[in-house]
Amino acid sequence: MRAVLIIGTVGVGKTSAAEAAGDLLAARGVPHAVVDLDGLSRFWPAPADDPFNFALVITNLRALAATYRTAGARVLLLAGVAETADHRRRFTEATGGELVVARLQAGPATVRERLTRRHADDPEGLAWHLKRAGELDRILREAAVEDFVVDATAPADQVAARVLAEAGC
C-alpha cells in the first residue's frame with residue numbers, strides 16, 4: 001500500500017486536496033482510504049511535551065493503516081503535518097509501506113482568505129490560525145521533508161490530480 005501524506009500550513013487546503021484525490025481514485029476504481037490526521041489527535045488534555053498529540057496520531061495511524069491494508073486499500077491518502085525528518089520517519093513506520101510526501105504551498109493572501117472564511121464566527125480561532133499559518137509555513141519550508149511541492153491556489157480537484165500524478169498513483 002502506498003501512503004501519500006499531504007502536508008502544508010493551516011488553511012492551505014490539505015483536507016480538501018486529500019478528499020478530492022479520494023474522489024479521483026474512486027472514479028478510477030482504485031481501492032483507497034482518506035484520513036484527516038487532525039481527527040486522530042483530538043484528545044484532551046494533550047501532554048505538555050506534545051501539544052499537538054503527535055504520538056497519539058502515530059499510534060492511531062498505525063492501527064488504521066493496518067486495517068485499511070487488510071481491507072484491500074492500495075493507496076492511503078493522509079492530510080496533516082510533518083514538521084521534521086523524524087516525523088516523516090514515524091509516518092513511514094506507522095503506515096508500514098512506501099510514503100510519498102507532498103507539500104501544498106499557497107501565498108499568505110490565499111491562506112488568509114481561506115482561514116477567514118473557515119473561522120468567520122470564531123475570531124479567537126482565526127487569530128490563532130493566522131499566527132500559526134506563517135509560523136508553520138516557515139517550519140515546513142525549512143524542514144523540507146517533502147518529495148515535491150504543489151501550488152494549492154488551483155481548485156482542489158486540480159491540486160489533487162497533480163498530487164496523485166507526482167506520487168505515482
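The values are calculated or read from the model by the stated rules, or taken from the named source; none is laboratory data. Everything quoted here is computed from the prediction, not taken from an experiment. Every residue, glycine as well, gets a Cβ built from its backbone with ideal geometry; the counts of neighbours run over all protein chains shown. SASA here: full protein model, heavy atoms, side chains in, ligands and nucleic acids out. Shrake-Rupley method; radii C 1.70, N 1.55, O 1.52, S 1.80 Å.
Listed values, structure above:
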item	result
Test: Leu25 is in a helix (DSSP H, G or I), buried (at least 20 other Cβ atoms within 10 Å of the Cβ) and hydrophobic (A, V, I, L, M, F, W, C)	yes
Single match in Val10, Val34 (criterion: β-branched (Val, Ile, Thr), touching a helix residue (DSSP H, G or I) at 6+ places or on another chain (Cβ under 8 Å) and either open to solvent by 30 Å² or more (accessible area, probe 1.4 Å) or more than 28 Å from Leu126 (Cβ to Cβ) (or both))	Val34
Failed item, numbered, when Ala63 is tested on (1) more than 21 Å from Arg132 (Cβ to Cβ); (2) of a type in the set (A, V, I, L, M); (3) surrounded by 16 or more Cβ atoms within 10 Å (Cβ to Cβ)	(3)
Out of Val150, Val57, Val75, Val101, sole residue that is more than 17 Å from Leu37 (Cβ to Cβ) and either exposed (fewer than 13 other Cβ atoms within 10 Å of the Cβ) or hydrophobic (A, V, I, L, M, F, W, C) (or both)	Val150
Filter result for Ala55 (over 23 Å from Leu115 (Cα atoms) and either in a helix (DSSP H, G or I) or at pLDDT below 95 (or both))	yes
Helices (runs of 4 or more DSSP H) completely within the stretch 70-169 that count 3 or more residues being more than 23 Å from Pro31 (Cβ to Cβ)	85-95, 108-118, 123-143
Subset of the stretch 13-22 that is open to solvent by less than 30 Å² (accessible area, probe 1.4 Å) and either among the hydroxyl-bearing types (Ser, Thr, Tyr) or in contact with a helix residue (DSSP H, G or I) (Cβ under 7 Å, 6 or more places away or on another chain) (or both) - its residue that is farthest from Val101 (Cα to Cα)	Ala20
Selected residue (only one of Arg69, Arg89 is open to solvent by 50 Å² or more (accessible area, probe 1.4 Å), touching a residue at least 12 places away in the same chain (Cβ under 8 Å) and among the basic types (Lys, Arg))	Arg69
Which listed residue, of Leu61, Leu76, is of a type in the set (A, V, I, L, M, F, W, C), touching a helix residue (DSSP H, G or I) at 6+ places or on another chain (Cβ under 7 Å) and within 20 Å of Phe148 (Cβ to Cβ)	Leu76
